[in-house]
Amino acid sequence: MGVLQGIAKETGKTMAQVALNWCISKPNVIAIPKSDRMERVIENCQASGWRLSSNQMEALNEAFQ
Ligand SMILES: NC(=O)c1ccc[n+]([C@@H]2O[C@H](COP(=O)([O-])OP(=O)(O)OC[C@H]3O[C@@H](n4cnc5c(N)ncnc54)[C@H](OP(=O)(O)O)[C@@H]3O)[C@@H](O)[C@H]2O)c1
């Protein structure tokens, strides 16, 4: 299982939500997710308002340098 998939399972979020949350947790980084599918727009909106743990952030930083 990949890092992103593992953290998605741990947090009960989708891989897209974990990836977006990781991006926007970084200073001076924004994300502009675009989707033609309403369910994905809603999914992407729910990528904020919660925090990954420091261990999860470190694992993602390592995996996606
Ligand atoms: N990239 C830039 O440099 C730039 C600059 C200025 C403005 N923008 C604006 O920023 C927005 C995004 O641009 P982009 O170039 O990043 O868009 P993009 O690559 O053309 O589209 C985003 C892709 O991500 C997929 N996606 C979105 N949410 C997902 C999810 N939850 N799970 C899986 N796949 C998902 C979409 O698929 P589906 O549609 O099938 O869901 C689509 O294929 C656009 O509105 C664009 O106009 C971008």
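Among the residues making up region 9-28, a single one is surrounded by fewer than 12 Cβ atoms within 10 Å (Cβ to Cβ) and among the small types (G, A, S): G12. Scanning region 29-47 for residues that are surrounded by 10 or more Cβ atoms within 10 Å (Cβ to Cβ) and part of a loop (DSSP other than H, G, I, E, B) gives A31, P33, S35, Q46, A47. Note on region 1-42: among residues that are away from the ligand (no atom under 12 Å from the Cβ) and β-branched (V, I, T), the one that is nearest to A59 (Cα to Cα) is V3.
Scanning region 43-54 for residues that are within 10 Å of the ligand (Cβ to nearest atom) and of a type in the set (A, V, I, L, M) returns a single hit, A47. A search for C-beta distances below 9 Å between a residue of region 17-30 that is closer than 15 Å to V3 by Cβ and among the aromatic types (F, W, Y) and any residue that is more than 11 Å from the ligand (Cβ to nearest atom) and part of a loop (DSSP other than H, G, I, E, B), counting only pairs 6+ apart in sequence or on different chains, returns W22/L52; W22/F64.
We did not get these values from a lab; they are worked out from the coordinates using the rules stated. Worth saying up front: this structure is predicted, and the values here are computed from it rather than measured. Cβ coordinates were reconstructed from backbone atoms using ideal geometry, including for glycine residues, and neighbour counts include every protein chain displayed.
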